[in-house]
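J.: Below is a structure I'd like to ask you about.
The values are calculated or read from the model by the stated rules, or taken from the named source; none is laboratory data. Quick caveat, the model's predicted, so the values are computed rather than measured. In this analysis, Cβ positions are derived from the backbone assuming ideal geometry, glycine residues included, and neighbour counts consider all displayed protein chains. Quick note on the areas: whole protein, heavy atoms, side chains included, nothing else; ligands and nucleic acids left out. Shrake-Rupley method; radii C 1.70, N 1.55, O 1.52, S 1.80 Å.
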Amino acid sequence: MEIEMDAIDSKRLIIGKRNLLLKALFNLIKNALEAVEDKGKIKIEHYFDEGYIHIKVSDTGVGIPEEQLKQLGNPFFSTKNEGTGLGLTQVFATIREHRGTISVQSIVGKGTTFHIKLPLN
């Protein structure tokens, strides 16, 4: 497995609840690790643009079917056989609490990208 980190403008600070933000990022990275196979790739990007800190967590994993994308973040919905969906529920709630947005793009068999936008202040 390959992990790539591209952190531009990493000196810019996000004001918020540190533990919640760390837990949200941990959950996204954990999900990416579970989605990729041995030879897969995970890419984490961090940059600043137009007043927002952007964080992208991308993987070359199994992907998420389009009909399931709209349900992500709902309590107890999971794309995993033994998942509870609570990890992503907490991710979506944390980002909203910090006045940010989160979007998801996915292609089955190709991978998934979670894109977080958080206001700088």
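J.: Once the Cα atoms of helix 86-97 and of the chain are each reduced to a long axis, what angle between those two axes, in degrees from 0 to 90 to the nearest 10, is obtained?
T.: 20 degrees
J.: Further, regarding this structure: When the accessible area of the chain is split by element with a 1.4 Å probe, what percent falls to carbon and sulfur?
T.: Details: 4090 of 7800 Å².
Ligands and nucleic acids excluded, carbon and sulfur give 52 percent.
J.: Separate question: For the stretch 1-56, report the accessible area per residue in Å² (1.4 Å probe, heavy atoms, rounded to an integer). Each step should come with its number before you reach the end.
T.: Details: 3980 Å² over 56 residues.
Value for the stretch 1-56: 71 Å² per residue.
J.: Mind scanning Lys70/Lys110; Lys11/Lys39; Lys11/Lys110; Lys17/Lys41; Lys70/Lys117; Lys41/Lys70 and naming the pairs with a C-alpha gap bigger than 21 Å?
T.: Details: Lys70/Lys110 18 Å; Lys11/Lys39 32 Å; Lys11/Lys110 32 Å; Lys17/Lys41 29 Å; Lys70/Lys117 18 Å; Lys41/Lys70 24 Å.
Table pairs above 21 Å Cα-Cα are Lys11/Lys39; Lys11/Lys110; Lys17/Lys41; Lys41/Lys70.
J.: Modelled label-to-label distance, Ile107 and Glu4, 7 Å Cα→beta-carbon offset: nm?
T.: Going from the Ile107 label point to the Glu4 one covers 1.5 nm.
J.: Next up: I'd like the orientation of helix 18-35 relative to the chain: the angle between its Cα long axis and the longest Cα principal axis, in ° from 0 to 90, rounded to 10.
T.: The angle comes out near 30 degrees.
J.: Which is the longest stretch in the chain that no exposed loop site breaks, taking sites as trypsin sites (Lys or Arg not before Pro) with a DSSP loop state and at most 10 other Cβ atoms within 10 Å? Can you show the working numbers first?
T.: Details: sites that count: Lys11, Lys39, Lys70.
That gives 71-121 as the longest site-free run.
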